[in-house]
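Chemist: Below is one structure. I have some questions about it.
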Amino acid sequence: MKFLRKVIFNRIIFVIIAILIQLLVLTGAILKFNEYFVLFYGGNVLISMIAVLLIINNPINPAYKIAWIVPILLFPIFGGLFYIFFGGNKLSGRTKKRMKSIEYKTREVLLPHEEILNDMKSKNEVAFNQSKYIQNYAYGPPYKNTVAKYFSKGELKFERLKKELKKAEHYIFLEYFIIEKGVMWDSILDILVEKVSQGVEVRVIYDDLGCTFTLPYRYDKQLESMGIKCSIFNPLIPVLSPRLNNRNHRKIAIIDGHTAFTGGINLADEYINEYEKYGHWKDSAVMIKGDAAWSLTVMFLSMWDYVRGINEDISQYKKEVLNDYKYEDTGYIQPFTDNPVDDETVGEIVYLNLINKAKRYIYITTPYLIIDNEMVVALTSAAKSGVDVRIITPHHPDKWYVHAVTRSYYDSLIECGVKIYEYTPGFIHSKTFVVDDEFSVIGTINMDYRSLYLHFECGVWMYNSDTIIDMKNDFLNTLKLSKNITLKDGEHIKWYKVIGRSILRLFSPLM
């Protein structure tokens with residue numbers, strides 16, 4: 001009953017009701033012209049034709065085009081108008097300009113590291129090309145003098161995060177898609193309050209949609225009353241708007257600018273298996289110490305400026321970093337971010353570069369496998385060329401319809417030599433790539449349309465780092481707990497499930 005009341009009286013229900021009312025009003029206004037049926041029908045067909053032409057000539061992913069064109073052709077009276085008003089992930093000029101400020105700030109503060117790039121080029125031109133792309137288009141330079149520590153589960157990251165938070169002397173920055181009251185967040189909050197009393201500056205950013213069912217309304221005010229500065233990304237409003245699509249899916253923790261965490265782990269109890277939500281929760285994270293942590297610090301501060309509508313001097317937070325320690329040569333570490341307003345699909349291209357340049361193996365973990373044609377071709381081409389391509393997805397889904405779409409890709413990938421596994425103990429939320437013992441990526445970027453095209457995301461690209469072998473070993477250990485999916489498994493699927501998956505897959509870019 002308590003859960004039911006929580007759902008019924010949650011503000012998102014009121015937002016949904018308000019949006020539905022707006023849709024009904026719009027539909028009613030359109031139907032009012034029914035008395036002029038011929039003109040009404042002809043006008044709508046014309047609008048739908050124009051909408052289809054706009055979609056065809058739009059430089060968006062072809063899967064998005066199909067996902068919109070089909071319903072418009074099926075429902076020409078409403079389809080075209082609906083696309084004109086709400087399609088194409090359009091943002092107002094003002095919103096887009098404000099969001100672009102995040103990119104401008106990042107580019108302004110994070111200067112290129114040509115000396116490190118040239119050093120990398122002398123060792124491996126393939127690595128150099130990948131790194132240069134990230135520097136040029138995500139504005140995140142490569143670093144030396146940095147060590148990375150991989151965490152194979154949320155419990156390990158949680159314990160280390162608490163330990164590092166207690167060491168903070170100057171500032172703590174937290175940016176998470178989901179924060180939920182419970183063992184994990186309450187323990188961290190106690191540390192934050194203690195640090196505030198010691199004069200440490202603490203800032204928190206959380207995504208409003210991600211925390212709709214996990215935090216009370218105006219929770220930011222509660223944190224502010226404790227001395228913790230808090231900002232909400234993209235607050236939910238009861239108005240139909242494409243900007244509702246753009247979420248902050250990043251998970252970042254910063255301590256004094258020299259220590260940073262990222263990965264798939266949010267600040268909620270299921271991520272540390274404090275309670276069972278979808279079976280055992282398998283996730284991963286990385287901690288970086290040294291120069292590279294500065295890039296993640298800048299990511300946070302540029303987002304903070306956007307959300308707060310301010311323009312502070314980010315460099316002041318670098319001056320406070322008292323970390324002159326020199327780390328041994330442990331490879332190259334390159335944090336990067338991806339945003340939905342620059343028309344550059346950084347996350348997808350980083351993944352494609354890794355796949356296309358692989359020589360021996362590609363090991364991938366992802367909670368969702370909802371991929372476009374370019375990714376399918378890259379994975380199958382690599383497998384056909386003799387590269388050992390293995391992907392682990394969940395056996396217990398968090399969203400049944402998304403999992404159905406994920407499974408719809410299995411047969412075509414398996415037929416071409418890609419090996420698919422499902423993590424049988426539960427849900428795998430980890431987002432990792434490991435390639436040839438040389439390259440890896442860990443971060444927040446799922447292999448689905450939302451992560452690759454609509455969300456603010458982040459990751460860490462690594463070359464020739466000891467951490468890569470740790471990630472590989474974790475993948476191989478996870479493989480032992482996973483079921484190998486074969487073509488025979490697909491033969492026993494009921495016909496209506498096959499049809500259902502096909503329909504869902506058609507509209508997967510809009511999910």
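The values are calculated or read from the model by the stated rules, or taken from the named source; none is laboratory data. None of the values given here were measured: they were computed from a predicted structure. Every residue, glycine as well, gets a Cβ built from its backbone with ideal geometry; the counts of neighbours run over all protein chains shown.
Chemist: Look at F475 and say whether it is under 30 Å from G210 (Cβ atoms), of a type in the set (F, W, Y) and over 17 Å from the mean Cα position of the chain (by Cα). Please lay out each step first, then the result.
Modeler: Working: under 30 Å from G210 (Cβ atoms): yes; of a type in the set (F, W, Y): yes; over 17 Å from the mean Cα position of the chain (by Cα): yes.
Yes: the conditions hold for F475.
Chemist: Scan the helices (runs of 4 or more DSSP H) fully inside region 59-125 and keep the ones with 1 or more residues being at pLDDT 80 or above and in contact with a Lys or Arg (Cβ under 9 Å, 6 or more places away or on another chain). Give the derivation first.
Modeler: Values: elements: 62-74, 76-86, 93-109, 114-123.
Hits in region 59-125: 93-109, 114-123.
Chemist: Hey, another quick one. Within region 245-263, does at least one residue satisfy the condition of being without any contact (Cβ under 8 Å) to a residue 40 or more places away in the chain, more than 24 Å from E422 (Cα to Cα) and hydrophobic (A, V, I, L, M, F, W, C)? Talk me through it step by step, then tell me what you get.
Modeler: Applying the first criterion (without any contact (Cβ under 8 Å) to a residue 40 or more places away in the chain) to region 245-263 yields none.
No, every residue in region 245-263 fails to be without any contact (Cβ under 8 Å) to a residue 40 or more places away in the chain, more than 24 Å from E422 (Cα to Cα) and hydrophobic (A, V, I, L, M, F, W, C).
Chemist: Looking at Y171, Y217, Y143, Y150 in this structure, which one is at pLDDT below 95 and either among the aromatic types (F, W, Y) or within 24 Å of the chain's Cα centre (by Cα) (or both)? I'd like the intermediate steps shown before the answer.
Modeler: Working: Y171 fails: at pLDDT below 95; Y143 fails: at pLDDT below 95; Y150 fails: at pLDDT below 95.
On inspection, the qualifying residue turns out to be Y217.
Chemist: If the requirement is being assigned to a loop (DSSP other than H, G, I, E, B) and not basic (K, R), which of these qualifies: T330, T393, T337?
Modeler: Numbers: T393 fails: assigned to a loop (DSSP other than H, G, I, E, B); T337 fails: assigned to a loop (DSSP other than H, G, I, E, B).
That would be T330, the only listed residue that is assigned to a loop (DSSP other than H, G, I, E, B) and not basic (K, R).
Chemist: Can you pull out the residues in region 367-402 that are aromatic (F, W, Y) and surrounded by fewer than 20 Cβ atoms within 10 Å (Cβ to Cβ)?
Modeler: Initial filter on region 367-402 (aromatic (F, W, Y)): 368, 400-401.
Within region 367-402, W400, Y401 meet the criteria.
Chemist: Return yes or no: is D448 in contact with a Phe, Trp or Tyr (Cβ under 9 Å, 6 or more places away or on another chain) and under 25 Å from I60 (Cα atoms)? First the steps, then the outcome.
Modeler: Details: in contact with a Phe, Trp or Tyr (Cβ under 9 Å, 6 or more places away or on another chain): yes; under 25 Å from I60 (Cα atoms): yes.
Spelling it out, D448 is indeed in contact with a Phe, Trp or Tyr (Cβ under 9 Å, 6 or more places away or on another chain) and under 25 Å from I60 (Cα atoms).
Chemist: For a quick check of your reading of the model, give me the residue pairs whose first member lies in region 158-179 and is farther than 24 Å from I314 by Cβ, whose second is among the small types (G, A, S) and outside any loop (DSSP other than H, G, I, E, B), with beta-carbon atoms closer than 7 Å and at least 6 apart or on different chains.
Modeler: Listed by first residue and then by second, the contacts come to K162/S187.
Chemist: Same structure again: Is it true that some residue in region 455-474 is of a type in the set (A, V, I, L, M, F, W, C), more than 24 Å from P142 (Cα to Cα) and in contact (Cβ under 8 Å) with a residue 40 or more places away in the chain? First the steps, then the outcome.
Modeler: Just the residues of region 455-474 that are of a type in the set (A, V, I, L, M, F, W, C), to begin with: 456, 458, 460-462, 468-469, 471.
With more than 24 Å from P142 (Cα to Cα) added as a condition, the list becomes none.
The answer is no, given that none of the residues of region 455-474 is of a type in the set (A, V, I, L, M, F, W, C), more than 24 Å from P142 (Cα to Cα) and in contact (Cβ under 8 Å) with a residue 40 or more places away in the chain.
Chemist: Can you tell me which of (1) in contact with a Phe, Trp or Tyr (Cβ under 9 Å, 6 or more places away or on another chain); (2) in the same structural domain as T444 (by TED's automatic domain parsing); (3) surrounded by fewer than 17 Cβ atoms within 10 Å (Cβ to Cβ) is the one E312 doesn't meet?
Modeler: (2)
Chemist: Among the numbered criteria (1) charged (D, E, K, R); (2) touching a residue at least 12 places away in the same chain (Cβ under 8 Å); (3) part of a helix (DSSP H, G or I), which single criterion is violated by E270?
Modeler: Status for E270: all satisfied but (2).
Chemist: May I pose another question? E175 - would you say it is assigned to a helix (DSSP H, G or I) and closer than 30 Å to I60 by Cβ?
Modeler: It is false that E175 is assigned to a helix (DSSP H, G or I) and closer than 30 Å to I60 by Cβ.
Quick grid of which residues meet (1) at pLDDT 95 or above; (2) surrounded by fewer than 22 Cβ atoms within 10 Å (Cβ to Cβ); (3) in contact with a helix residue (DSSP H, G or I) (Cβ under 7 Å, 6 or more places away or on another chain); (4) of a type in the set (A, V, I, L, M, F, W, C):
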| position | (1), (2), (3), (4) |
| --- | --- |
| T262 | yes, no, yes, no |
| L267 | yes, no, yes, yes |
| N273 | yes, yes, yes, no |
| H280 | yes, yes, no, no |
| I288 | yes, no, no, yes |
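Chemist: Kindly check whether there is at least one residue in region 152-169 that is farther than 22 Å from V286 by Cα, in contact with a Lys or Arg (Cβ under 8 Å, 6 or more places away or on another chain), among the aliphatic types (A, V, I, L, M) and outside the structural domain of S430 (by TED's automatic domain parsing). Break it down into steps so the answer makes sense when it comes.
Modeler: Restricting attention to region 152-169, the residues satisfying the condition of being farther than 22 Å from V286 by Cα are none.
Scanning region 152-169 turns up no residue that is farther than 22 Å from V286 by Cα, in contact with a Lys or Arg (Cβ under 8 Å, 6 or more places away or on another chain), among the aliphatic types (A, V, I, L, M) and outside the structural domain of S430 (by TED's automatic domain parsing).
Chemist: Here is a list: K472, K431. Which entry is under 26 Å from L504 (Cβ atoms), out of contact with any helix residue (DSSP H, G or I) (no Cβ under 7 Å at 6 or more places or on another chain) and not assigned by TED's automatic domain parsing to the domain that holds Y278? Before the answer, list the steps.
Modeler: Working: K472 fails: under 26 Å from L504 (Cβ atoms).
Result of the check over K472, K431: K431.
Chemist: Quick check on region 195-241: of everything there that is part of a helix (DSSP H, G or I) and in contact with a Cys (Cβ under 7 Å, 6 or more places away or on another chain), which residue is farthest from I310 (Cα to Cα)? Break it down stepwise before answering.
Modeler: Of region 195-241, the ones part of a helix (DSSP H, G or I) are 195-197, 219-225.
Next, from what is left, pick out any that are in contact with a Cys (Cβ under 7 Å, 6 or more places away or on another chain): 220, 223-224.
Values: D220: 18, L223: 20, E224: 18 Å.
Checked region 195-241; the qualifying residue farthest from I310 (Cα to Cα) is L223.
Chemist: When T424 is evaluated against the numbered criteria (1) within 26 Å of T337 (Cβ to Cβ); (2) surrounded by fewer than 24 Cβ atoms within 10 Å (Cβ to Cβ); (3) without any contact (Cβ under 8 Å) to a residue 60 or more places away in the chain, which criterion, by number, is the only one it fails?
Modeler: (1)
Chemist: Do we find a residue being part of a helix (DSSP H, G or I), assigned by TED's automatic domain parsing to the domain that holds I485 and either more than 25 Å from I252 (Cβ to Cβ) or in contact (Cβ under 8 Å) with a residue 24 or more places away in the chain (or both) anywhere in region 363-370? I'd like the intermediate steps shown before the answer.
Modeler: Restricting attention to region 363-370, the residues satisfying the condition of being part of a helix (DSSP H, G or I) are none.
Among the residues of region 363-370, not one is part of a helix (DSSP H, G or I), assigned by TED's automatic domain parsing to the domain that holds I485 and either more than 25 Å from I252 (Cβ to Cβ) or in contact (Cβ under 8 Å) with a residue 24 or more places away in the chain (or both), which makes the answer no.
Chemist: Looking at region 495-511, can you tell me whether even one residue there is more than 30 Å from F233 (Cα to Cα) and in a loop (DSSP other than H, G, I, E, B)?
Modeler: no
Chemist: Looking at L244, L189, which one is assigned to a helix (DSSP H, G or I), in the same structural domain as A293 (by TED's automatic domain parsing) and modelled with pLDDT of 95 or more?
Modeler: On the way: L244 fails: modelled with pLDDT of 95 or more.
Residue meeting the stated conditions: L189.
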